[in-house]
Amino acid sequence: MTNKSLMAAVVLLVAVAMVIAGCGGQETAAPSPQPPSDEPAEKGGELVFGHQQKHETIDANVWTGTNTARIMRQIYDPLVWQPEPGNFVPGLATSWEVSEDGSVFTFQLRDDVTFHDGTPFNAEAVKFTFDRIVDPDSRSLQVPRIGPYEKTEVIDEFTVEVHFTEPFPPFLSNLSEVALAPCSPTAVQSKERDEYARYPVAAGPFKVVDWPDDNTIVLERYEDYNWAPSFMNHEGPAYLEKITYKMIEENTTRLVALESGDANMIDAPPADEISRLKEDDKYESFTIFTPGMPLIFQPNTTRIPTSELAVRQAMLYAVNREQVASLLSFGVDPPGHGPISSATWTYDPAIADLYPHDVDRANELLDEAGWVMNESSGVREKDGQPLRVRFVASVGLNTQAGEIVQAMLEEVGIDFVVEGMAYEATVVRMADNDYEMGRLGYTLLDPHDAFYLAYHSSQIEGGGQFNRSRVSDPKIDQLIEEGSKEVDTDRRAEIYKELQHYIMEQALIIPIKESSLTHVMHSDVKGLEADSLGRPWLYNVWIE
Amino acid sequence: MSRYILKRFLFAVPVLLGVSLLVFMMLHALPVDPVKLMLTDHASGTAPTAAGTMTDEMYENMKRQLGLDKPLHIQFGSFLFRAVQGDLGRSYRSDKAVASMIADNISFTAELAFASMSLSILIGVVLGVFAAINGGTWLDAGIMAVSVLGVSMPSFWFGLVLILVFSLGLGWFPPMGAGGLRALVLPAIAMGVPASATVARLTRSSLVEVMRQDYMVTARAKGLREMVVVAKHGLKNALIPVVTIVGLQFGALLGGSLVIETVFGRPGLGYISVNAIWNKDFPTVQGMVLFMATLYVVINILVDISYAWLDPRVRYDGGS
């Protein structure tokens, strides 16, 4: 009896604690991190940014990752900016020329730029940066960004010529990312390798001043910065005096940090909380849709039954993509419709109408293809073989998506088996060609990468083996290669539109959903914008 | 005694060697190519943006840079050779020296381990003694019931409840971060309280056993006060199993806890090990395992030595 009452008391206590916690979320006013400014005209402030991932290095020329680049973007200024896909704007380079065949790029550089350590920016620094990337000793993962690099020639102090062994049209686009952004040669040469990885020196609006521990990176405003690109709405140094990145991987803790005032901006809040935060006047939210591939399911075209066009098309009709996307992201992310997402340059909106949700059409296609419904099992059959598709993917969002798709395909008599496992194990299954459905998703800037990774025949066995549809189609290979060498932008766009349609006509993928990244901030944080790869620009941010 | 300690340390050498070899072989038996994973892994969100354009040349270069093109016995030999000099190699991922990764994070893990250990001993021993001397009463049953809750409570859940109550609700402590006492309080409670439950249960059962011994009757018969009897004669003898468990717990805590680090956004060793395993970062996994194995060996030796202090009947001299 006493034992029981004690237990009851404990349970009650915990319940009370949770109620307090719940109420606190609504009532506690987040303390303003900055006292109200006496001079409202002066924009400034200090930002504490609750960031979703830990990073070991922020040396953009050597390492990058989707999330790491979001921090690097504040530190590195590129030669060329790309505010929207295909639109190139001067950055550290004032103008450029591309040779007829697309293999030599000549850049005129700004003559008034200094890196964070005072080293002047010039042609030598550009050459140093590129040479360092291709030097095997740097162990740079960015080598692919510089493609068939041959050499950089210093013409004079502020003119460089970059030579490639073959035409390399994506170069300008790649330049606009952080990967190829110039770094200070003096800093690289004088700092220890480990130290430079954490304290890279570049020419962006913020400089790295401290990593007090692995979960904290402190950036400070670079006071001499005066080369913001034309599309930013101001010149001179950034408004924010300081940015402190706090790495908080646990979603709930990150959200609490925002609500308790320990951070004034966070990224990637829990998806199910986004709509509540959007309605709350205390917070502003900012959602960025990322270019590249949507989350796609890849039917294996070399195995029965997904080798049949009719089966693949039937799946496209049977899956309600709107509903899958909405269920997976709590209504935040749009559905995917094709090989590239809507935020990607050359995306063709017409692609969305190719396969409307149409269960009857799906059934019709399967009937015509000779797949007969076995009423007792609910699964179609042909020649005694059930219409079974095994989906192999890592556990998490992928298998959640798989389970929703499973329910939709069941309606048309397809037995969609979700086999969730560790990512490493999926790689083995893919390599062994032991699956009927794979999956892929990638944030990418240039559409070439999306097509090359997932549809070029060389990627069935080579590269990361991401061509999990196992498509080996000379027409696709040829279009991809033409696209990568085409210098004319309009012609390139045409090629990618053709590819999108061809891939969907062949039903080589089942697009699921696009991805996005939401930032939530206290409503006194103003001015957040993002680049075309979905990386925030904190240069224009200030705290009111 | 010193001979015994020396012997124990000598025995540790084959243990550490065996652990290193086992981990090395397990890593290399994995059907995953770390170079390929590094160049193409996108699952972790840390992949290079256009990994698909990786060339064979780039792959071979990377492999050579990492020393993975050499025969296995050479790779293992050079790992050992460098390890005894305190060089645990460099991470495949970040290119940081593994030893300095440990050095950068050990203070955060150690302060948390000490804080939560102290808390768990304090709460555990006090509650255990309290339950034992009130053996059979409702108080005893109550304490033991709560301790069942403590043992079975998942630490991430408890951690989140603490954050919701004390950070979001009351605003007393920051929900995340490290450095300073305030940031240490919640993670120490989240780790220490569940650990204290084990200590409490063990202290109680051990003490109840000791209380029945004849020498306890003798002590009481001498006219000693009950508190002195329990503390000096009872508890000291009852502590041996408790010290064993606390030692093991401490070893585990010093290896870092990914769960607690993640929930509280703290730096620490747990993240390094787990992240290295995910990334097939061989040198980091090897280095961390060797480091933790060494910790365990040292702690176990210390625990054994403490037995002699707690119970004079335990002697390590005379080559026994």
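Quick note: the coordinates plus some simple rules give every number you see, no bench work behind them. Not measured: the values here are computed from a predicted model. No Cβ is skipped: glycine too gets one built from the backbone with ideal geometry, and neighbour counts run over all protein chains shown.
Would you please classify the overall shape of segment A:81-187 from the alpha carbon gyration tensor, given that a ≥ b ≥ c denote the square roots of the eigenvalues, rounded means a/c under 1.5, and beyond that prolate means a/b larger than b/c while oblate covers the rest? The partial results should precede the final answer.
Details: a/c = 1.38, a/b = 1.13, b/c = 1.22.
Judged from the Cα gyration tensor, segment A:81-187 comes out rounded (a/c under 1.5).
In debye, nearest 20: dipole of chain A around its Cα centre with unit charges on the Cβ of K, R (+) and D, E (-)?
Details: 42 positive and 88 negative charges, 264 e Å.
For this selection, approximately 1260 debye.
Count, for each residue of B:63-70, the Cβ atoms from other chains sitting within 10 Å of its Cβ, then give me the mean as a whole number.
Values: counts 0, 1, 4, 1, 0, 0, 0, 0.
Across B:63-70, the average partner-chain Cβ count within 10 Å equals 1.
So how long is each side of segment A:289-359 along the principal axes, counting just the alpha-carbon atoms, biggest first, in Å?
35, 25, 19
Each label point is 7 Å from the Cα along the Cα-to-Cβ direction; what then is the distance between the points at B:L68 and B:T218, in nm?
6.6
In whole Å, what three semi-axes, largest first, describe the equivalent ellipsoid of segment A:295-514 built from its Cα gyration tensor (square root of 5 times each eigenvalue)?
27, 18, 18
Highest first, please rank the peptides A:362-369, B:299-306, A:252-259, B:68-75 by the mean number of other Cβ atoms sitting within 10 Å of their residues.
Packing proxy ranking, top to bottom: A:252-259, A:362-369, B:299-306, B:68-75.
Using the Kyte-Doolittle scale, find the helices of chain A whose mean hydropathy is at least 1.0 and whose Cα atoms extend 15 Å or more along the helix's long axis, counting only whole DSSP H runs.
What comes out of the filter, once short or polar helices are dropped, is A:2-27.
Can you give me the Rg/Rh ratio for chain B, using Cα atoms for both radii and the Kirkwood formula for Rh?
With Rh from the inverse mean 1/r over Cα pairs, Rg/Rh is 1.07.
Between A:R491 and A:V395, how high is the FRET efficiency from 1/(1 + (r/R0)^6) when r is the Cβ-Cβ distance and R₀ = 30 Å? Nearest 0.05.
0.10
For helix B:236-254, what angle does its Cα long axis make with the longest principal axis of chain B, in degrees from 0 to 90 and rounded to 10?
20
Could you work out the relative contact order of chain A? I mean the mean sequence separation of Cα pairs under 8 Å and 6+ apart, divided by the number of residues, in percent.
Relative contact order here is 19 percent.
Hey, could you pull the Cα Rg and Dmax for segment B:151-305, both in Å?
In Å, with Rg to one decimal and Dmax whole: 20.1, 65.
Quick check on my link table: of A:K43/A:K246; B:K7/B:K70; A:K151/B:K36; B:K63/B:K96; A:K191/B:K96, which ones sit more than 25 Å apart, alpha carbon to alpha carbon? Before the final figure, lay out each step's value.
Working: A:K43/A:K246 23 Å; B:K7/B:K70 36 Å; A:K151/B:K36 27 Å; B:K63/B:K96 17 Å; A:K191/B:K96 14 Å.
Pairs exceeding 25 Å: B:K7/B:K70; A:K151/B:K36.
Excluding residues on the same chain fewer than 8 positions from A:K497, give the lysines whose Cα lies under 17 Å from its Cα.
A:K475, A:K485
In segment A:503-534, which residues have a backbone nitrogen under 20 Å from the label point lying 7 Å from A:E42's Cα in the Cα-to-Cβ direction?
A:524-527
Pull out a ≥ b ≥ c, the square roots of the eigenvalues of the alpha-carbon gyration tensor of chain A, then state rounded if a/c is under 1.5, prolate if not and a/b is larger than b/c, and oblate in the remaining case.
The shape class here is oblate.
What length, rounded to one decimal in nm, is gained on full extension from B:L149 through to B:M26, with 0.36 nm per residue of separation minus their alpha-carbon distance?
On the way: separation 123, 0.36 × 123 = 44.28 nm, distance 3.68 nm.
Fully extending the segment from B:L149 to B:M26 adds 40.6 nm.
Just going by the charge dipole of the protein assembly as shown, with Lys and Arg at +1 and Asp and Glu at -1 on Cβ, which of A:V541, B:P241, A:L316 is farthest out on the positive end?
The residue sitting most towards the positive pole is B:P241.
Obtain the nm distance between the two label points defined at A:N87 and A:D434 by a simple spin-label model: each point lies 7 Å from its Cα along the Cα-to-C-beta direction.
The answer from the label model is 5.1 nm.
As an exercise, use a Förster radius of 56 Å and the Cβ-Cβ distance of B:V84 and A:H501 to find the FRET efficiency, rounded to the nearest 0.05.
0.35
Sorted by mean Cβ packing within 10 Å, highest first, what order do the peptides A:270-279, A:477-486 take?
My ranking of the peptides, most packed first, is A:477-486, A:270-279.
Using a simple spin-label model with points 7 Å from Cα along the Cα→Cβ vector, what separation in nm is obtained for B:S2 and B:W309?
1.8
Average partner chain C-beta neighbours within 10 Å, per residue of B:270-277?
That average works out to 1.
For B:M227 and B:T294, what is the calculated FRET efficiency with R₀ set at 35 Å and r taken between the beta-carbons, to the nearest 0.05? Could the numbers behind the result be given before it?
On the way: r = 40 Å, r/R0 = 1.15.
The formula returns an efficiency of 0.30 here.
Averaged over its residues, how many other protein chain Cβ atoms are within 10 Å of peptide B:88-97's Cβ atoms?
Neighbouring Cβ atoms belonging to other protein chains average 4 per residue here.
Sorted by mean Cβ packing within 10 Å, highest first, what order do the peptides A:292-303, A:423-434 take?
Numbers: A:292-303: 23.8, A:423-434: 15.9.
Taking the mean over residues of other Cβ atoms within 10 Å, the ranking is A:292-303, A:423-434.
Taking B:K236 as the anchor, which aspartates and glutamates have their alpha carbon closer than 17 Å to its alpha carbon, excluding any fewer than eight residues away along the same chain?
B:E209, B:D214, B:E226, B:D304, B:D311
Putting +1 on Lys and Arg Cβ atoms and -1 on Asp and Glu Cβ atoms, find which of B:S100, A:T344, A:V389 reaches farthest to the positive end of the dipole of the protein assembly as shown.
Farthest along the dipole direction, towards plus: B:S100.
Tell me, what HN-Hα J-couplings in whole Hz come from the Karplus equation 6.51 cos²θ - 1.76 cosθ + 1.60 at θ = phi - 60° for each residue of segment A:110-117, using x for Gly and Pro?
So the J values, rounded to whole Hz, are 5, 9, 10, 9, 10, 6, 4, 8.
Could you grab the Rg to Rh ratio for segment A:404-500? Cα atoms only, Kirkwood for Rh.
1.05
So between A:D101 and A:L309, what do we pick up on full extension, going 0.36 nm a residue minus the alpha carbon distance?
Contour length minus the Cα-Cα distance gives 71.0 nm.
Go through A:P447, A:M437, A:S458 and say which Cα lies farthest out towards the positive end of the charge dipole of segment A:431-486; charges sit on Cβ, +1 for Lys and Arg, -1 for Asp and Glu.
It is A:M437.
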